[in-house]
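Here, each number is a calculation from the coordinates, and none is a lab measurement. This structure is a prediction, so every number in the text was calculated from the model and none was measured. As a convention, Cβ positions derive from the backbone with ideal geometry for all residues, glycine included, and neighbour counts pool all protein chains shown.
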Amino acid sequence: MAKIALITGISGQDGAYLAKFLLKKKYKIIGTVKKSSKSSYWRLERLGIKKKLTIEKMDLGNLKDIDKIFKKYDFNEVYNLAAQSFVNKSFNIPIATSNITGLGTLRILEIIKKNNRKIKFYQASSSEMFGRVLNSEQSETTPFNPQSPYAISKVFSHLITKNYRNSYKIFATSGILFNHESPLRGKEYVTRKIIIGLVKIYKKKLKSFQLGNIYAKRDLGYAKEYVVAMWKMMQKKKPKDYIISTGKTYSIKDFINLATAYLKLKTKWVGKGFNEKLILKKTNRPIITINSNLFRPSEVSALKGNSSKAKKDLKWSPKTNLKKLVKIMIDEELLHS
């Protein structure tokens, strides 16, 4: 019999890629989206899988809602990818972020504890939990020092998942994923914002756009590869937590430079601080400027993951470097814009 998997937040980047991967593994997929939103299914449609799965409306803030879904289907695996996932936005809506990103996880674990403790549970943890880092490289044992309501909510989810694993012998595992990008990233995220902006400039549909901190450094991987690690964690005999990362860091400025080089846009950086600009040499006009309002109230300067445990236990390692990832994102943007 086919395994039945629940993917919360299925309309997001990771949910869409994971659904496609699990369909190839012959899973039956139930995906949930929040009731209040007019969910966009463009990712599922682009991957050609929307008609191959079942979509239900479920509010992570409502225990009865979750219980209803769990009584309707006999799940083997649950992948909790749903969250209020915008770090910047979490400063504006901290209570809603805590309720969904934090307590939403606890509600699912409570339902699993009461209904069927044999269900395997995956929690989408985040590198943002490390925050203002206490080590130059982060592993599974690095202390958390979160710097946003989003990251604090993720720490709660991560620790409550571990608590339910230890207290109730539930198969509950957390993947601490470092930044992972793709053509399916939302327009609000800085990598996709950069790709969209530069492609529009390349096509002469836009003159310039603004960014915040271009010196923030992140460990950037390919989302399509990272969802494979999620599944691998769930196939182990014993649940553990794993860092999923590339082990290399690049600044936002590095990302921009790779993108302009691939698009063959001849550019140069001028100025310093908030006055720094990226100039298009041909016109001598700025195409990227810095806006101090786009900086986070509490900034995380650099994150770098050590995924040696995942390489050893899961036989997982990243295959796509940043230069290739930028190419993948630009090629897809050129195709669909």
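Worth pointing out:
- Interchain or long-range residues, amide H under 5 Å from PHE209's placed H: ILE288, THR289
- Packing-based ranking of 325-332, 275-282 yields 325-332, 275-282, ordered from highest to lowest mean Cβ neighbour count within 10 Å.
- Counting DSSP beta bridges with both ends in the chain, the antiparallel % (nearest 5): 25 percent
- Residues VAL78, VAL228, VAL199, sorted so that the one with the fewest Cβ neighbours within 10 Å comes first: VAL228, VAL199, VAL78
- Placing +1 on the Cβ of every Lys and Arg and -1 on the Cβ of every Asp and Glu, with nothing else charged, gives region 166-308 a dipole about its Cα centre of roughly 600 debye.
- Taking amide H as placed 1.01 Å from N in the peptide plane, ILE55 has its amide H under 5 Å from the amide H of GLY31, each at least 5 places away in sequence or on another chain.
- Residue among ILE195, ILE290, ILE176 with the largest mean-square fluctuation in a Gaussian network model of the chain, springs linking Cα atoms under 10 Å: ILE290
- Converting the Cα gyration tensor eigenvalues of the chain into ellipsoid dimensions via √(5λ) gives semi-axes, longest first, of 35, 21, 19 Å.
- Temperature 20 °C, viscosity 1.002 mPa s: under these conditions the Stokes-Einstein estimate for region 1-142, based on its Kirkwood radius over C-alpha pairs, is 133 µm² per second.
- Over region 247-337, the pair-distance histogram of Cα-Cα distances with 10 Å bins from zero comes to 12, 32, 35, 16, 5, 0 percent, rounded to whole numbers.
- With 21 Å as the limit on Cα-Cα distance, the pairs of LYS89/LYS200; LYS200/LYS224; LYS64/LYS113; LYS3/LYS35; LYS114/LYS232; LYS253/LYS311 that go past it are LYS89/LYS200; LYS200/LYS224; LYS3/LYS35; LYS114/LYS232; LYS253/LYS311.
- Compactness of region 134-252, expressed as Rg and Dmax over alpha-carbon positions, Å: 17.6, 58
- When the Gaussian network model of the chain links Cα atoms closer than 10 Å, the mean-square fluctuations of LYS28, LYS266, LYS324 top out at LYS266.
- Relative contact order of region 1-136, defined on C-alpha pairs under 8 angstrom at six or more residues apart (%): 26 percent
- Between region 1-61 and region 121-145, the alpha-carbon center distance in angstrom: 27 Å
- Using a cutoff of 8 angstrom between alpha carbon atoms and counting only pairs six or more residues apart, the relative contact order for the chain works out to 17 percent.
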